Structures are given as structure tokens and as C-alpha cells.
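Working notes, beginning with the structure itself.
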Amino acid sequence: MKKAELILGILILTGIALSVLHLPGGAMLLVLIMPVLSMMYLCLGFALLNGIPLKNESYKGLSTMRIVGSVLSGIVFSIALIGILFGWMMWPGASVMLLSSIAGLLIMLIVVLIKYFTKKDLFYRNMLIRIAVIGIPSLLLFADPSLAGKIKYGNNPELIQAIKEAEADPENEELWRKVDSIRGLSDREYQQDRNK
């Protein structure tokens, strides 16, 4: 299952790269792959996080608290991934998911750090890596909701400003129509319009 997690992670990074480069398929890849990894964490978190193959019943040697902690960690990772997806796609509701996942990740971080420094177990090192890989983008997208727009549309400051205005007043349909109309222009058309 670690291979599946790694492959899905690489596909997510590929989707982000395609999206940043304005190449087709980036958003679709993210929308298809991130929920798969999210569901993997949600449904199989205890096995994935503990490195247990599904065909084996080797989880019998684990403590109840570690299994419960792994299940809860899987749920938090799942919410965080969906929050990152919503934040990257600039969909409504991202901040709520990101905030709740950051709270969970913070609690996990404290527990995992204490356990890691007392036991030096490989499980806790791997959890720290996962918390960092998922927590950093969650924190960045929550701290600056327009970050995805800045990364994806850095060459179009007018669009970034329109997105900021629309996010400040999310109920204003006119502002969102302005964002959509600016977003509808290709980069070449945008540059031609700016030069007129």
C-alpha cells in the first residue's frame, strides 16, 4: 500500500505541475486522484499508516490506542487532502476543511512528537513526514486563500485581484462573474488586451 500512496502522491504532484503550467488535464488529474488518496486514508488508514498488508492479520500485535490513533489520523489526513483540493481549485468550503484538518494535524503533531522522542519508532518518523507533507500545504492554503490563484495565475495580476475581491465578498455574484470573464481569456488574449 505504500507504493500506492507514493504513486498517488506523484500523480498529485504531476496534476499540480500541469495546473501551474496551464496544461490540459491538471485539474482533472487532481480532482480524480486526491479523493482516491483521501479515501485510502479514510478507509484504510490504520493499515496504511502502520505498514500492515491487508492480506495479513499482523495488526493483532498493535495496541488498541495505536490502532485508534491510526484510524483518527487517517480521517484527519482525508479531510486535509480534500481541503487542499478545494483550496487549490478555489472552491467554496476550503477554509472550513483546512481549519478543521489543521486543528487535527496540530493535535497529531504534538502526540507524535512526544511518542517519537520517547520511543524513536519508525512509525512515528513516518507519521511526522506525512504530517509535514500534508500539513504544510494545508497551512499555506488556509493562511492565504488566494495562494493557489497566485501560483496558477501569477502572470495575470488582474485575475488575482478579481479573485481576492470575490473572496472578500463571496455572496456578490457580479464579482464572481468578473473572475469568470477574466479567467476565460487565454494568456495570449490577456496579453493582447493589456497591450491595447
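Yes/no matrix, rows are residues, columns are (1) at pLDDT below 90; (2) over 22 Å from I16 (Cα atoms):
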residue: M39; (1), (2): yes, no
residue: I52; (1), (2): yes, yes
residue: N56; (1), (2): yes, yes
residue: M65; (1), (2): yes, yes
residue: M89; (1), (2): yes, no
residue: M97; (1), (2): no, no
residue: L109; (1), (2): no, yes
residue: D121; (1), (2): yes, yes
residue: I129; (1), (2): no, no
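State yes or no: is S101 assigned to a helix (DSSP H, G or I), surrounded by fewer than 16 Cβ atoms within 10 Å (Cβ to Cβ) and not charged (D, E, K, R)? Against the criterion (assigned to a helix (DSSP H, G or I), surrounded by fewer than 16 Cβ atoms within 10 Å (Cβ to Cβ) and not charged (D, E, K, R)), S101 does not qualify. Each residue in segment 11-42 was checked for being closer than 30 Å to I67 by Cβ, surrounded by fewer than 19 Cβ atoms within 10 Å (Cβ to Cβ) and touching a residue at least 24 places away in the same chain (Cβ under 8 Å), and 4 of them qualify.
Check every one of the helices (runs of 4 or more DSSP H) wholly within segment 132-186 and list those with 1 or more residues that are within 22 Å of V76 (Cα to Cα). Please lay out each step first, then the result.
Details: elements: 147-152, 157-168, 173-184.
Qualifying helices (runs of 4 or more DSSP H): 147-152.
The values are calculated or read from the model by the stated rules, or taken from the named source; none is laboratory data. It should be emphasised that the depicted structure is a prediction, and the values quoted were computed from it without experimental measurement. FYI the Cβ positions are ideal-geometry reconstructions off the backbone, even for glycines, and counts take in every protein chain you see.
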